[in-house]
Amino acid sequence: MADKRDYYEVLGVDRDADQRTIKRAFLKKAREVHPDVSDDPDAEAKFKEVNEAYSVLSDEQKRANYDRFGTADGPGMGGGYVDFSDIFGGMGMDDIFSSFFGGGAAGSRGGASARRTRGRDMAITLTVTLEEAARGCTKTISYDRLATCEDCHGTGGADGAQEKQCPRCHGTGFVTTVQRSIFGQVQSSSPCPDCHGEGTVIDHPCEMCDGQGRTPTHEKIDIDVPAGIATGRQLRVRGYGEAGFRGAASGDLIVTVQVSEHDRFQRSGDDLYCTVEVPMASAALGCTVQVDGILDGERIDVEIPSGTQYGDAITVDGRGMPRSGGGGSRGRLIVRVAIVVPRKMSPAAREALERFAREMGESPTSRKTMGDRIRDAIDDILE
(Lines give C-alpha, C1' and ligand atoms only; values in the text may rest on other atoms or scores of the structure.)
Protein backbone atom coordinates (compact mmCIF):
# COMPACT_ATOMS: atom_id res chain seq x y z
CA MET A 1 0.00 0.00 0.00
CA ALA A 2 3.02 2.29 0.24
CA ASP A 3 2.81 3.23 -3.45
CA LYS A 4 -0.92 4.00 -3.36
CA ARG A 5 -2.85 6.97 -2.05
CA ASP A 6 -5.40 6.46 0.67
CA TYR A 7 -8.71 5.46 -0.94
CA TYR A 8 -10.69 7.89 1.19
CA GLU A 9 -8.34 10.67 0.08
CA VAL A 10 -8.75 9.66 -3.56
CA LEU A 11 -12.53 10.07 -3.38
CA GLY A 12 -12.37 13.05 -1.00
CA VAL A 13 -14.61 11.55 1.69
CA ASP A 14 -14.32 11.03 5.43
CA ARG A 15 -13.55 7.57 6.80
CA ASP A 16 -17.04 7.35 8.31
CA ALA A 17 -18.80 8.31 5.06
CA ASP A 18 -21.92 6.30 4.20
CA GLN A 19 -22.40 4.47 0.91
CA ARG A 20 -24.51 7.23 -0.60
CA THR A 21 -21.79 9.80 0.04
CA ILE A 22 -19.12 7.48 -1.35
CA LYS A 23 -21.12 6.88 -4.52
CA ARG A 24 -21.75 10.59 -5.05
CA ALA A 25 -18.05 11.33 -4.59
CA PHE A 26 -17.10 8.58 -7.03
CA LEU A 27 -19.44 9.78 -9.76
CA LYS A 28 -18.27 13.37 -9.34
CA LYS A 29 -14.60 12.41 -9.50
CA ALA A 30 -15.14 9.98 -12.36
CA ARG A 31 -16.86 12.62 -14.46
CA GLU A 32 -13.89 14.92 -13.94
CA VAL A 33 -11.10 12.48 -14.81
CA HIS A 34 -12.66 9.95 -17.21
CA PRO A 35 -10.55 9.77 -20.41
CA ASP A 36 -13.66 10.34 -22.53
CA VAL A 37 -14.16 13.82 -21.09
CA SER A 38 -10.84 14.98 -19.66
CA ASP A 39 -7.92 16.52 -21.55
CA ASP A 40 -5.51 15.67 -18.74
CA PRO A 41 -2.74 13.41 -20.12
CA ASP A 42 -2.92 11.44 -16.84
CA ALA A 43 -6.69 11.07 -17.02
CA GLU A 44 -6.61 7.31 -17.60
CA ALA A 45 -4.37 6.66 -14.62
CA LYS A 46 -6.44 8.96 -12.42
CA PHE A 47 -9.68 7.27 -13.45
CA LYS A 48 -8.25 3.85 -12.67
CA GLU A 49 -7.24 5.13 -9.24
CA VAL A 50 -10.75 6.51 -8.62
CA ASN A 51 -12.31 3.28 -9.88
CA GLU A 52 -10.06 1.17 -7.64
CA ALA A 53 -10.92 3.28 -4.60
CA TYR A 54 -14.63 2.98 -5.28
CA SER A 55 -14.48 -0.77 -5.93
CA VAL A 56 -13.07 -1.20 -2.42
CA LEU A 57 -15.03 1.36 -0.44
CA SER A 58 -18.38 0.44 -2.03
CA ASP A 59 -18.03 -3.20 -0.92
CA GLU A 60 -18.65 -3.77 2.79
CA GLN A 61 -16.28 -6.73 3.13
CA LYS A 62 -13.46 -5.10 1.16
CA ARG A 63 -13.91 -1.81 3.00
CA ALA A 64 -13.79 -3.56 6.39
CA ASN A 65 -10.57 -5.33 5.38
CA TYR A 66 -9.08 -2.08 4.11
CA ASP A 67 -9.96 -0.17 7.28
CA ARG A 68 -8.51 -2.88 9.49
CA PHE A 69 -5.56 -4.24 7.53
CA GLY A 70 -4.82 -1.63 4.87
CA THR A 71 -5.69 -3.98 2.01
CA ALA A 72 -8.99 -5.07 0.51
CA ASP A 73 -7.92 -8.72 0.67
CA GLY A 74 -7.40 -8.75 4.41
CA PRO A 75 -4.43 -10.25 6.30
CA GLY A 76 -4.32 -13.45 4.26
CA MET A 77 -4.38 -11.83 0.82
CA GLY A 78 -7.69 -13.28 -0.18
CA GLY A 79 -9.58 -14.08 3.05
CA GLY A 80 -12.34 -16.03 1.26
CA TYR A 81 -13.76 -13.22 -0.87
CA VAL A 82 -14.25 -13.91 -4.59
CA ASP A 83 -14.21 -10.92 -6.91
CA PHE A 84 -16.29 -11.32 -10.06
CA SER A 85 -15.60 -7.83 -11.39
CA ASP A 86 -14.06 -9.17 -14.61
CA ILE A 87 -16.65 -11.86 -15.37
CA PHE A 88 -18.08 -10.01 -18.35
CA GLY A 89 -15.18 -10.97 -20.59
CA GLY A 90 -13.05 -8.14 -19.24
CA MET A 91 -15.90 -5.66 -18.85
CA GLY A 92 -15.23 -3.71 -15.66
CA MET A 93 -16.25 -0.39 -14.18
CA ASP A 94 -14.18 1.45 -16.78
CA ASP A 95 -16.35 0.03 -19.58
CA ILE A 96 -19.51 0.47 -17.54
CA PHE A 97 -18.71 4.13 -17.01
CA SER A 98 -17.85 4.60 -20.70
CA SER A 99 -21.30 3.25 -21.48
CA PHE A 100 -22.69 5.64 -18.87
CA PHE A 101 -21.16 8.61 -20.66
CA GLY A 102 -22.48 7.42 -23.99
CA GLY A 103 -26.00 6.77 -22.69
CA GLY A 104 -27.23 10.27 -23.49
CA ALA A 105 -29.15 12.97 -21.62
CA ALA A 106 -29.40 16.73 -21.55
CA GLY A 107 -26.17 18.01 -20.16
CA SER A 108 -24.29 14.77 -20.85
CA ARG A 109 -20.77 15.29 -22.12
CA GLY A 110 -20.28 12.00 -23.99
CA GLY A 111 -20.29 11.43 -27.71
CA ALA A 112 -23.59 11.11 -29.56
CA SER A 113 -25.04 7.61 -29.90
CA ALA A 114 -28.51 6.14 -30.21
CA ARG A 115 -29.59 4.89 -26.82
CA ARG A 116 -31.09 1.48 -26.08
CA THR A 117 -34.46 2.06 -24.37
CA ARG A 118 -34.38 -1.28 -22.58
CA GLY A 119 -31.21 -2.02 -20.67
CA ARG A 120 -28.80 -4.50 -22.20
CA ASP A 121 -28.61 -8.10 -21.08
CA MET A 122 -25.38 -8.99 -19.30
CA ALA A 123 -23.66 -12.36 -19.23
CA ILE A 124 -21.37 -14.11 -16.77
CA THR A 125 -19.82 -17.55 -16.33
CA LEU A 126 -20.23 -19.14 -12.91
CA THR A 127 -18.09 -22.14 -11.95
CA VAL A 128 -19.42 -24.72 -9.48
CA THR A 129 -18.01 -28.02 -8.24
CA LEU A 130 -19.55 -31.36 -9.23
CA GLU A 131 -20.81 -31.78 -5.65
CA GLU A 132 -22.51 -28.36 -5.81
CA ALA A 133 -24.05 -29.27 -9.16
CA ALA A 134 -25.33 -32.57 -7.71
CA ARG A 135 -27.03 -31.16 -4.61
CA GLY A 136 -27.87 -27.69 -5.92
CA CYS A 137 -26.54 -24.59 -4.22
CA THR A 138 -26.77 -20.83 -3.84
CA LYS A 139 -23.78 -18.76 -4.98
CA THR A 140 -23.25 -15.08 -4.22
CA ILE A 141 -21.64 -13.08 -7.00
CA SER A 142 -20.47 -9.48 -7.22
CA TYR A 143 -20.38 -7.53 -10.47
CA ASP A 144 -20.56 -4.03 -11.98
CA ARG A 145 -23.59 -2.73 -13.83
CA LEU A 146 -25.63 0.37 -14.56
CA ALA A 147 -28.40 0.28 -11.94
CA THR A 148 -31.46 2.47 -11.38
CA CYS A 149 -30.43 5.80 -9.85
CA GLU A 150 -31.32 5.95 -6.16
CA ASP A 151 -31.78 9.73 -6.14
CA CYS A 152 -34.28 10.17 -8.97
CA HIS A 153 -35.61 6.57 -8.96
CA GLY A 154 -34.86 6.24 -12.64
CA THR A 155 -36.61 9.36 -13.94
CA GLY A 156 -33.38 11.20 -14.72
CA GLY A 157 -34.69 14.50 -13.36
CA ALA A 158 -34.18 16.48 -10.18
CA ASP A 159 -37.16 17.48 -8.06
CA GLY A 160 -39.56 19.52 -10.17
CA ALA A 161 -37.72 18.75 -13.43
CA GLN A 162 -39.66 18.36 -16.64
CA GLU A 163 -39.03 16.40 -19.79
CA LYS A 164 -39.38 18.55 -22.87
CA GLN A 165 -39.07 18.16 -26.60
CA CYS A 166 -35.53 18.54 -27.81
CA PRO A 167 -35.33 21.96 -29.52
CA ARG A 168 -32.54 20.84 -31.85
CA CYS A 169 -34.14 17.78 -33.44
CA HIS A 170 -37.77 18.78 -32.65
CA GLY A 171 -38.43 15.43 -31.04
CA THR A 172 -37.28 13.22 -33.89
CA GLY A 173 -34.08 12.10 -32.19
CA PHE A 174 -32.07 12.65 -35.37
CA VAL A 175 -30.45 15.56 -37.14
CA THR A 176 -29.69 15.87 -40.81
CA THR A 177 -26.44 17.32 -42.11
CA VAL A 178 -25.47 18.23 -45.66
CA GLN A 179 -21.86 18.09 -46.82
CA ARG A 180 -20.29 19.04 -50.11
CA SER A 181 -18.23 16.44 -51.94
CA ILE A 182 -16.83 15.87 -55.41
CA PHE A 183 -20.11 14.11 -56.18
CA GLY A 184 -22.20 17.05 -55.05
CA GLN A 185 -24.09 17.48 -51.82
CA VAL A 186 -24.31 14.44 -49.52
CA GLN A 187 -27.07 14.31 -46.96
CA SER A 188 -26.75 12.13 -43.84
CA SER A 189 -28.76 11.53 -40.70
CA SER A 190 -27.31 10.85 -37.24
CA PRO A 191 -28.50 10.76 -33.61
CA CYS A 192 -29.08 14.20 -32.19
CA PRO A 193 -26.05 15.29 -30.14
CA ASP A 194 -28.22 17.18 -27.65
CA CYS A 195 -30.72 14.45 -26.72
CA HIS A 196 -28.62 11.52 -27.99
CA GLY A 197 -31.46 10.16 -30.07
CA GLU A 198 -34.00 10.36 -27.26
CA GLY A 199 -36.09 13.19 -28.74
CA THR A 200 -36.51 14.79 -25.33
CA VAL A 201 -34.32 16.62 -22.85
CA ILE A 202 -34.67 17.24 -19.11
CA ASP A 203 -34.49 20.85 -18.02
CA HIS A 204 -32.97 19.99 -14.60
CA PRO A 205 -31.11 16.65 -14.77
CA CYS A 206 -30.47 14.64 -11.64
CA GLU A 207 -27.00 15.42 -10.30
CA MET A 208 -26.31 11.82 -9.36
CA CYS A 209 -27.03 10.21 -12.76
CA ASP A 210 -26.62 13.27 -15.03
CA GLY A 211 -30.14 12.76 -16.38
CA GLN A 212 -29.89 9.10 -17.38
CA GLY A 213 -31.86 7.58 -14.53
CA ARG A 214 -29.10 5.04 -13.89
CA THR A 215 -25.65 5.02 -12.32
CA PRO A 216 -22.62 2.70 -12.29
CA THR A 217 -22.74 0.51 -9.20
CA HIS A 218 -21.41 -2.69 -7.65
CA GLU A 219 -24.09 -5.32 -7.28
CA LYS A 220 -24.26 -8.47 -5.17
CA ILE A 221 -26.91 -11.09 -5.82
CA ASP A 222 -27.58 -14.72 -4.91
CA ILE A 223 -27.81 -17.20 -7.77
CA ASP A 224 -29.84 -20.37 -7.14
CA VAL A 225 -28.16 -23.25 -8.96
CA PRO A 226 -30.58 -26.21 -9.36
CA ALA A 227 -29.54 -29.79 -8.60
CA GLY A 228 -28.32 -31.75 -11.62
CA ILE A 229 -27.21 -28.73 -13.62
CA ALA A 230 -24.68 -29.39 -16.39
CA THR A 231 -21.96 -27.32 -18.04
CA GLY A 232 -23.37 -24.87 -20.55
CA ARG A 233 -26.78 -24.51 -18.89
CA GLN A 234 -27.90 -20.90 -18.67
CA LEU A 235 -29.82 -19.30 -15.81
CA ARG A 236 -31.65 -16.03 -16.48
CA VAL A 237 -32.04 -13.54 -13.62
CA ARG A 238 -34.60 -11.05 -14.83
CA GLY A 239 -34.03 -7.37 -14.21
CA TYR A 240 -30.41 -7.65 -13.08
CA GLY A 241 -28.73 -6.67 -16.33
CA GLU A 242 -28.16 -3.06 -17.34
CA ALA A 243 -30.82 -0.66 -16.09
CA GLY A 244 -32.96 0.95 -18.78
CA PHE A 245 -32.63 4.60 -19.76
CA ARG A 246 -34.84 6.95 -17.70
CA GLY A 247 -36.91 4.24 -16.04
CA ALA A 248 -37.19 1.85 -18.99
CA ALA A 249 -37.07 -1.87 -18.28
CA SER A 250 -33.78 -3.37 -17.16
CA GLY A 251 -32.03 -6.09 -19.08
CA ASP A 252 -31.45 -9.58 -17.68
CA LEU A 253 -28.40 -11.21 -16.17
CA ILE A 254 -27.60 -14.45 -18.02
CA VAL A 255 -25.50 -16.87 -15.99
CA THR A 256 -23.74 -19.66 -17.88
CA VAL A 257 -22.77 -22.49 -15.53
CA GLN A 258 -19.42 -24.28 -15.78
CA VAL A 259 -19.09 -27.49 -13.74
CA SER A 260 -15.46 -28.11 -12.82
CA GLU A 261 -13.77 -31.48 -13.28
CA HIS A 262 -13.75 -33.91 -10.37
CA ASP A 263 -10.82 -35.92 -9.03
CA ARG A 264 -12.83 -39.17 -8.66
CA PHE A 265 -15.84 -38.97 -10.96
CA GLN A 266 -16.18 -38.44 -14.68
CA ARG A 267 -19.57 -37.24 -15.87
CA SER A 268 -21.41 -38.23 -19.03
CA GLY A 269 -24.88 -36.73 -19.11
CA ASP A 270 -26.52 -37.89 -15.88
CA ASP A 271 -24.17 -40.88 -15.49
CA LEU A 272 -21.09 -40.88 -13.28
CA TYR A 273 -18.02 -43.04 -13.82
CA CYS A 274 -15.46 -43.96 -11.19
CA THR A 275 -12.77 -46.61 -10.61
CA VAL A 276 -12.56 -48.92 -7.61
CA GLU A 277 -9.62 -51.15 -6.69
CA VAL A 278 -10.43 -54.76 -5.79
CA PRO A 279 -7.91 -57.33 -4.48
CA MET A 280 -7.17 -60.22 -6.84
CA ALA A 281 -8.67 -62.90 -4.58
CA SER A 282 -11.81 -60.82 -3.90
CA ALA A 283 -12.36 -60.33 -7.63
CA ALA A 284 -12.02 -64.09 -8.17
CA LEU A 285 -14.35 -65.04 -5.31
CA GLY A 286 -16.76 -62.10 -5.46
CA CYS A 287 -17.29 -59.45 -2.81
CA THR A 288 -19.07 -56.22 -1.85
CA VAL A 289 -17.21 -52.91 -1.77
CA GLN A 290 -18.39 -49.51 -0.58
CA VAL A 291 -17.74 -46.31 -2.50
CA ASP A 292 -18.48 -42.69 -1.61
CA GLY A 293 -21.28 -41.24 -3.71
CA ILE A 294 -21.48 -37.72 -5.09
CA LEU A 295 -23.98 -36.52 -2.46
CA ASP A 296 -22.94 -35.60 1.08
CA GLY A 297 -22.52 -38.66 3.31
CA GLU A 298 -23.65 -41.06 0.61
CA ARG A 299 -22.20 -44.61 0.82
CA ILE A 300 -22.98 -47.04 -1.99
CA ASP A 301 -22.63 -50.85 -1.86
CA VAL A 302 -21.26 -52.23 -5.13
CA GLU A 303 -21.57 -56.01 -5.71
CA ILE A 304 -18.48 -57.46 -7.39
CA PRO A 305 -19.42 -60.80 -9.01
CA SER A 306 -17.00 -63.73 -8.77
CA GLY A 307 -14.65 -63.91 -11.72
CA THR A 308 -14.66 -60.15 -12.33
CA GLN A 309 -11.88 -59.17 -14.74
CA TYR A 310 -9.70 -56.07 -14.86
CA GLY A 311 -11.60 -53.22 -16.54
CA ASP A 312 -15.07 -54.73 -16.11
CA ALA A 313 -17.81 -52.15 -15.53
CA ILE A 314 -20.54 -52.61 -12.93
CA THR A 315 -23.65 -50.44 -13.14
CA VAL A 316 -25.56 -49.19 -10.11
CA ASP A 317 -28.86 -47.60 -11.13
CA GLY A 318 -30.09 -44.42 -9.45
CA ARG A 319 -26.75 -43.40 -7.94
CA GLY A 320 -25.45 -41.00 -10.56
CA MET A 321 -26.22 -37.29 -10.98
CA PRO A 322 -29.70 -36.04 -10.11
CA ARG A 323 -31.67 -35.33 -13.27
CA SER A 324 -32.45 -31.64 -13.64
CA GLY A 325 -36.20 -31.32 -13.20
CA GLY A 326 -36.42 -35.11 -12.93
CA GLY A 327 -38.46 -35.22 -9.73
CA GLY A 328 -35.69 -36.83 -7.71
CA SER A 329 -34.60 -39.41 -10.30
CA ARG A 330 -30.90 -39.94 -10.91
CA GLY A 331 -28.60 -41.34 -13.55
CA ARG A 332 -26.35 -44.38 -13.21
CA LEU A 333 -23.12 -44.91 -11.32
CA ILE A 334 -20.76 -46.97 -13.46
CA VAL A 335 -17.89 -48.50 -11.53
CA ARG A 336 -14.80 -49.68 -13.40
CA VAL A 337 -12.89 -52.44 -11.59
CA ALA A 338 -9.11 -52.35 -11.23
CA ILE A 339 -7.67 -55.68 -9.99
CA VAL A 340 -4.94 -55.20 -7.39
CA VAL A 341 -2.18 -57.86 -7.37
CA PRO A 342 -0.18 -58.11 -4.13
CA ARG A 343 3.43 -56.99 -4.47
CA LYS A 344 4.53 -58.96 -1.42
CA MET A 345 3.30 -62.35 -0.19
CA SER A 346 4.12 -64.57 2.76
CA PRO A 347 5.64 -67.98 1.99
CA ALA A 348 2.37 -69.65 2.88
CA ALA A 349 0.40 -67.37 0.54
CA ARG A 350 2.90 -67.93 -2.26
CA GLU A 351 2.69 -71.71 -1.81
CA ALA A 352 -1.11 -71.58 -1.86
CA LEU A 353 -1.10 -69.48 -5.05
CA GLU A 354 1.35 -71.82 -6.75
CA ARG A 355 -0.81 -74.79 -5.78
CA PHE A 356 -3.81 -73.03 -7.23
CA ALA A 357 -1.90 -72.35 -10.43
CA ARG A 358 -0.98 -76.04 -10.77
CA GLU A 359 -4.62 -77.02 -10.26
CA MET A 360 -5.56 -74.62 -13.04
CA GLY A 361 -2.91 -76.12 -15.30
CA GLU A 362 -0.64 -73.13 -15.02
CA SER A 363 2.32 -74.76 -13.29
CA PRO A 364 5.39 -72.48 -13.39
CA THR A 365 7.90 -73.40 -16.11
CA SER A 366 10.49 -70.72 -15.38
CA ARG A 367 12.37 -69.33 -12.45
CA LYS A 368 9.68 -66.73 -12.01
CA THR A 369 7.13 -67.43 -9.34
CA MET A 370 3.46 -67.48 -10.22
CA GLY A 371 3.08 -64.13 -8.41
CA ASP A 372 5.75 -62.64 -10.65
CA ARG A 373 4.00 -63.98 -13.74
CA ILE A 374 0.65 -62.54 -12.65
CA ARG A 375 2.23 -59.15 -11.98
CA ASP A 376 3.91 -59.24 -15.40
CA ALA A 377 0.55 -60.00 -17.01
CA ILE A 378 -1.09 -57.10 -15.19
CA ASP A 379 1.75 -54.77 -16.22
CA ASP A 380 1.27 -55.84 -19.87
CA ILE A 381 -2.41 -54.99 -19.64
CA LEU A 382 -1.70 -51.61 -18.08
CA GLU A 383 0.84 -50.76 -20.77
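Please compute the contact order of the range 10-55 in relative form: average sequence separation of alpha-carbon pairs under 8 Å and at least six residues apart, divided by the residue count, as a percent.
Working: 37 pairs, mean separation 19.1, N = 46.
Reported as a whole number, the value is 41 percent.
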> Residues in the range 154-197 near a label at residue 39, defined as backbone nitrogen under 15 Å from the 7 Å Cα→Cβ point?
Replying inline: none
>> If you average the alpha carbon positions of the range 23-62 and of the range 125-159, how far apart do those two centres end up, in angstrom?
In response: 22
> By per-residue mean of other Cβ atoms within 10 Å, what is the highest-first order of 47-58, 273-284, 175-186, 124-135?
Replying inline: 47-58, 124-135, 273-284, 175-186
>> For residue 158, what residues show an amide H to amide H distance below 5 Å, using hydrogens built from the backbone and excluding near sequence neighbours?
In response: 204, 206
> Cα-Cα over 28 Å: which of 28/62; 4/28; 46/164; 46/220; 28/139?
Replying inline: 46/164; 28/139
>> Sort 187-199, 139-151 by packing, meaning the average of other beta carbons within 10 Å per residue, with the highest value first.
In response: 139-151, 187-199
> Separation of the range 333-349 and the range 222-267 by C-alpha centroid, Å?
Replying inline: 45
> For the range 277-326, which whole-number percentage of the solvent-accessible area (1.4 Å probe, protein heavy atoms only) is attributable to carbon and sulfur atoms?
Replying inline: 45
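Taking only C-alpha pairs under 8 Å that are 6+ residues apart, what is the relative contact order of the range 256-343 in percent? Mind dumping the intermediate values first?
On the way: 167 pairs, mean separation 29.5, N = 88.
Computed over the range 256-343, the figure is 34 percent.
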> With every protein chain present, what is the per residue accessible area of the range 196-324 (1.4 Å probe, Å²)?
Replying inline: 47
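The values are calculated or read from the model by the stated rules, or taken from the named source; none is laboratory data. Please read all numbers here as calculations on a predicted model, not as lab measurements. Note that each Cβ is placed from the backbone with ideal geometry, even for glycine, and that neighbours are counted across all protein chains shown. These accessible areas exclude ligands, DNA and RNA; they are computed on the full protein's heavy atoms, side chains included. Shrake-Rupley method; radii C 1.70, N 1.55, O 1.52, S 1.80 Å.
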